[in-house]
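Remarks on the structure that follows.
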Amino acid sequence: ARPAPRMAPRALPILVLCSGLALGLCAASSSGGSGSATGEQLFKAWASQHRREYRSEEEFRYRLGIFLDNKQKVDKHNAGNSSFRMGLNQFSDMTFPEFRKKYLWHEPQNCSATVGNFPRSSAPYPKAIDWRKRGTFVTPVKSQGPCGSCWTFSTTGCLESVIAIRTGKLLNLAEQQLID
């Protein structure tokens, strides 16, 4: 049996480097040339998840631009040192003026539920409490849509948490009952 041919000591690192490059090029070409989703691919997946359909290519491109702007704001915020994280949601293809016009009140409501005239206690309060970290005391976020009943969502959310803290049972109360 003949001995295997010996490789020059300098050839091995070059062979490893070339093999790695070849594998990388193969992987890139099989994934469409990119290791991660493009902005448009991400937007299409988001639009499918949120059941968005646009009337024309022009509207699609317009909403794509807004989505990418909002994603950039989210990414910039999350790269910083903040006490909360942002994410894309069902409003990510809307500008803030569009969101404000559709979902926010132009003037504050003038009723006892929204006017605060409550005595303040001088008791020492903790700087912050995150009830999510103390147990199951907070229900998932709910969407009121454009109906303008934010006070009912605040009220039921508060009641749900107080009941859970007091009894250990997390209820999911109906905002509609307060409206009715």
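The values are calculated or read from the model by the stated rules, or taken from the named source; none is laboratory data. Model, not experiment: these values are computed from the prediction. Positions of Cβ are backbone-derived with ideal geometry, glycine not excepted, and every protein chain shown enters the neighbour counts.
A few remarks follow.
- Top-ranked residue in segment 59-103 [being over 12 Å from the mean Cα position of the chain (by Cα) and not in a helix (DSSP H, G or I); ranked as farthest from Ala37 (Cα to Cα)]: Ser83
- Leading residue by the ranking (surrounded by the fewest Cβ atoms within 10 Å (Cβ to Cβ)) among those in segment 138-174 that are of a type in the set (A, V, I, L, M, F, W, C) and in contact with a Leu (Cβ under 7 Å, 6 or more places away or on another chain): Leu159
- Members of segment 60-89 found to be under 19 Å from Gly145 (Cβ atoms) and in contact with a helix residue (DSSP H, G or I) (Cβ under 9 Å, 6 or more places away or on another chain), listed by number: Leu88
- Here Phe43 fulfils each of the conditions (1) under 30 Å from Ser154 (Cβ atoms); (2) modelled with pLDDT of 95 or more; (3) surrounded by 13 or more Cβ atoms within 10 Å (Cβ to Cβ) apart from (1).
- Hey, Asn117 at pLDDT below 90 and either loosely packed, with under 11 Cβ neighbours inside 10 Å or within 30 Å of Glu40 (Cβ to Cβ) (or both) or not: yes
- The one condition in (1) within 19 Å of Gln90 (Cβ to Cβ); (2) surrounded by fewer than 13 Cβ atoms within 10 Å (Cβ to Cβ); (3) small (Gly, Ala, Ser) that Gly135 fails to fulfil: (1)
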